[in-house]
Amino acid sequence: MSSAVAMQAVGPKRVTPEVVGILVVSTNLELRRDITSRLQSSRWSIHEAVSGAEALERIGPGDVSVVLLDPVLPDLRVDEFKEIIQMQHPGVEIVPVNPHTGQAIFATPSPDTVSFDVLRDMGRSGPIRSEHISPSGALDSIPENGLPGFIGTAPSIQRSCLMARMVAPRDTTVLVTGESGTGKDLVARAVHQLSPRRMKPFVVINCAAIPEPLLEAELFGFVKGAFTGAVQSRIGRIHAAQGGTLFLDEIGDLPLGLQSKLLRFLEQGEIQRLGSSDTFRVDVRVVAATNSHLRRLVQEKLFREDLFYRLSVFPIELPPLRERMEDVLPLAHSFLSRFCPRSMALAPEAAALLQQHTWPGNVREVRNVMERASILVGENFEIGPEHIVI
């Protein structure tokens, strides 16, 4: 065989583009799906994790190059997570993302080349943009009016947003009240994002979701042997929020027996783990939320009066959606753009149905209705009244 024929048989060596591993870490399923959908390229190998521990298990040698991190981890402090990654996997870059918008938050204007390419591909598929932290520590993309991730132009909700923006720079304890589905968690996160503590942990605990026997251990932590099954010591959620913000959701459901211990933490800034006599001083800002009428619970002896006054230093009340109906359609369009990747219109008849409803489930109900409509519309390009199921 001649050399020319041999060369033709072998052919030029094909260079295969390197596949880069990306790990999306967030407890928010929708956020993970949204980011993953924006990175549909043969260059990226996408992995997901819902906690810091799961993320550490998924990062093998050479498997992951970039971690897109929702700063709200259920089990580890963000700084602790980053320290472990830097020690065990020094070549892995961690890029925090906004837990509401998925926007990448870079501490410098010149991110690593790989992470920049990731950001560029995320932006090609939608409106995700990068946020940059200025030298003063301010998020450049925070809107001048309203709150990050919050939609509403009605005067009542604008007043609530203004109150949140006014108190955010302080360390004042905030109590957010309102009906279920009005966005109390968004306000709590916004207060944290607009505060000097924004780069520190934002730790959430739902006081109604955890059984009473476990809630004290979750809040304050425990030492090895404190109770049956305590095979190792563990810090609590309060300690995990060191330097940042603790969000106590559904505070009205906090058991009466734990209220005095929480009051001591709020007044003295000290916590004591179960099974230990040692106390720890912590620097934690507290934002609480409830859909309960706390004053009525105080009168019924179900909530401590001194704890109520300690929590409600700066109350913010969110109005129900039925009192700001002008925000229904903007909310509907916002959710529609989130659930429908292609351009989608809302028929006048469908818009009329949305404006006639009283929305007892508030913003959460709008979200569910629009997600359902985005499925029922099929391959059509217009949401009609037949797709609005209320």
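If you check 382, 365, 386, 305 for being surrounded by fewer than 15 Cβ atoms within 10 Å (Cβ to Cβ), out of contact with any Lys or Arg (no Cβ under 6 Å at 6 or more places or on another chain) and in contact (Cβ under 8 Å) with a residue 12 or more places away in the chain, only one passes: 382. Residues that are at pLDDT below 85, in contact with a strand residue (DSSP E or B) (Cβ under 8 Å, 6 or more places away or on another chain) and surrounded by 16 or more Cβ atoms within 10 Å (Cβ to Cβ) do occur in the range 24-31, at least one of them. Here residue 132 fulfils each of the conditions (1) modelled with pLDDT of 55 or more; (2) farther than 25 Å from residue 369 by Cα; (3) open to solvent by 40 Å² or more (accessible area, probe 1.4 Å); (4) not in a loop (DSSP other than H, G, I, E, B) apart from (1). Comparison of 304, 296, 285 shows that the only residue that is farther than 18 Å from residue 176 by Cβ and either modelled with pLDDT of 90 or more or not acidic (Asp, Glu) (or both) is 304.
Within the range 37-52, how many residues turn out to be assigned to a helix (DSSP H, G or I) and open to solvent by 60 Å² or more (accessible area, probe 1.4 Å)?
As a first pass, look at the range 37-52 and keep what is assigned to a helix (DSSP H, G or I): 37-38, 52.
Applying the additional criterion that residues be open to solvent by 60 Å² or more (accessible area, probe 1.4 Å) yields 37.
Qualifying residue count, the range 37-52: 1.
Scan the range 329-341 and tell me whether some residue there is open to solvent by less than 90 Å² (accessible area, probe 1.4 Å), over 27 Å from residue 204 (Cα atoms) and in contact (Cβ under 8 Å) with a residue 60 or more places away in the chain. Looking through the range 329-341, at least one residue is open to solvent by less than 90 Å² (accessible area, probe 1.4 Å), over 27 Å from residue 204 (Cα atoms) and in contact (Cβ under 8 Å) with a residue 60 or more places away in the chain. For the range 1-18, a tally of residues being assigned to a loop (DSSP other than H, G, I, E, B) and either modelled with pLDDT of 80 or more or open to solvent by less than 50 Å² (accessible area, probe 1.4 Å) (or both) returns 1. All conditions in (1) open to solvent by 50 Å² or more (accessible area, probe 1.4 Å); (2) of a type outside the set (Ser, Thr, Tyr); (3) free of Cβ contacts under 8 Å to residues at least 60 places away in the same chain hold for residue 317, with the sole exception of (3).
Identify, please: which residue in the range 276-302 is part of a strand (DSSP E or B) and of a type in the set (Lys, Arg) and is, among those, surrounded by the fewest Cβ atoms within 10 Å (Cβ to Cβ)?
Within the range 276-302, the first condition is being part of a strand (DSSP E or B), and the residues that meet it are 279-281, 285-290.
Now drop any that are not of a type in the set (Lys, Arg), which leaves 281, 285.
On the way: 281: 9, 285: 23.
It comes out as 281.
So which of 62, 21 is over 28 Å from residue 242 (Cα atoms), without any contact (Cβ under 8 Å) to a residue 60 or more places away in the chain and either of a type in the set (D, E, K, R) or open to solvent by 60 Å² or more (accessible area, probe 1.4 Å) (or both)? Exactly one residue qualifies, and that residue is 62.
Checked against (1) over 26 Å from residue 78 (Cα atoms); (2) exposed (fewer than 15 other Cβ atoms within 10 Å of the Cβ), residue 270 meets all criteria but (1).
When you go through 123, 60 one by one, which is the residue that is among the small types (Gly, Ala, Ser) and modelled with pLDDT under 60? Full working, then the answer.
Working: 60 fails: modelled with pLDDT under 60.
On inspection, the qualifying residue turns out to be 123.
For the range 53-103, which residues satisfy the criterion of being within 12 Å of the chain's Cα centre (by Cα) and assigned to a strand (DSSP E or B)? Correct list: 69, 96, 97. Filtering the range 148-172 down to residues that are outside any helix (DSSP H, G or I) and closer than 19 Å to residue 323 by Cα, which residue is modelled with the highest pLDDT? Of everything passing the filter in the range 148-172, 154 is modelled with the highest pLDDT.
Just for strands (runs of 3 or more DSSP E) wholly inside the range 173-262: which have at least 2 residues that are farther than 21 Å from residue 274 by Cβ and open to solvent by less than 10 Å² (accessible area, probe 1.4 Å)?
Values: elements: 174-177, 202-206, 245-249.
Per the criteria, 174-177, 245-249.
The values are calculated or read from the model by the stated rules, or taken from the named source; none is laboratory data. Small disclaimer: the values here were computed from a predicted structure and weren't measured. Neighbour counts are summed over all protein chains in view; Cβ atoms, including those assigned to glycine, are modelled from backbone coordinates with ideal geometry. With ligands, DNA and RNA removed, areas are computed over all heavy atoms of the protein, side chains included. Shrake-Rupley method; radii C 1.70, N 1.55, O 1.52, S 1.80 Å.
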